[in-house]
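Here's the structure, in structure tokens; my notes come after.
The values are calculated or read from the model by the stated rules, or taken from the named source; none is laboratory data. Predicted model only: the values in this text are computed from it and were never measured. Please note: Cβ atoms are built from the backbone with ideal geometry, for glycine as well, and neighbour counts cover all protein chains shown.
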Amino acid sequence: MKIAEFLNEKAIVPDLKATDKEGAIRELIDVLARAEGLRNKEEIAKVLMAREALGSTGIGLGVGIPHGKCNATKRLVASFGISRKGIDFDALDGESVYIFFCLVAPEDSAGPHLKALARISRLLKDKYFRDYLRSLTDDKKIFKAIKDEDAKKP
């Protein structure tokens, strides 16, 4: 599975305006809903915030991957955003989060959802790549960088 299979090129925010966790999640949901034609933004927000209540999806190293499953979508979809100032996301390492992938999968899709999380985590382990992503300010260049880096991974 490649990230471009579920990340919509039109669902990239090069400069998130949000200043807190819920705001960031809602901003990522908004762009995802527009790009994918999703209608149930409130349902998606409830699912993602409920998942955050179980434990932060701020995995450390400045990365957050809010995710959840609901029937607002028929397939795995994702948005991506960069916060220039960083957001307190209750990350596991206590650091601010700058790079976000937001994943939404159908209720019955455990396999693709978990594969996507693993794929994203593997891609963002590389400090140089994270720094490079943070330096980009154009959505098309961000998408190309993710696609190119993902192509290098087995």
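Out of Gly23, Gly81, Gly86, Gly111, report the one residue that is within 22 Å of Asp150 (Cβ to Cβ) and at pLDDT 95 or above. Before the answer, list the steps.
On the way: Gly23 fails: within 22 Å of Asp150 (Cβ to Cβ); Gly86 fails: within 22 Å of Asp150 (Cβ to Cβ); Gly111 fails: at pLDDT 95 or above.
From the options Gly23, Gly81, Gly86, Gly111, the qualifying one is Gly81.
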I'd like the residue in the range 9-30 that is under 17 Å from Cys70 (Cβ atoms) and in contact (Cβ under 8 Å) with a residue 40 or more places away in the chain and, out of all such residues, is surrounded by the most Cβ atoms within 10 Å (Cβ to Cβ). Leu28
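Out of curiosity, is Arg34 over 11 Å from the mean Cα position of the chain (by Cα), without any contact (Cβ under 8 Å) to a residue 24 or more places away in the chain, in a helix (DSSP H, G or I) and closer than 24 Å to Thr137 by Cβ? Give the derivation first.
Values: over 11 Å from the mean Cα position of the chain (by Cα): yes; without any contact (Cβ under 8 Å) to a residue 24 or more places away in the chain: no; in a helix (DSSP H, G or I): yes; closer than 24 Å to Thr137 by Cβ: yes.
Against the criterion (over 11 Å from the mean Cα position of the chain (by Cα), without any contact (Cβ under 8 Å) to a residue 24 or more places away in the chain, in a helix (DSSP H, G or I) and closer than 24 Å to Thr137 by Cβ), Arg34 does not qualify.
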Given (1) surrounded by fewer than 20 Cβ atoms within 10 Å (Cβ to Cβ); (2) farther than 18 Å from Lys46 by Cα; (3) in contact with a strand residue (DSSP E or B) (Cβ under 8 Å, 6 or more places away or on another chain), where does Pro106 come up short, assuming only one miss? (2)
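For the subset of the range 46-66 comprising residues that are among the hydrophobic types (A, V, I, L, M, F, W, C) and touching a Phe, Trp or Tyr at 6+ places or on another chain (Cβ under 9 Å), which member is nearest to Tyr132 (Cα to Cα)? Lay out the reasoning, then the answer.
Just the residues of the range 46-66 that are among the hydrophobic types (A, V, I, L, M, F, W, C), to begin with: 47-50, 53-54, 59, 61, 63, 65.
Then keep just the ones that are touching a Phe, Trp or Tyr at 6+ places or on another chain (Cβ under 9 Å); that gives 63, 65.
Numbers: Val63: 14, Ile65: 18 Å.
My answer is Val63.
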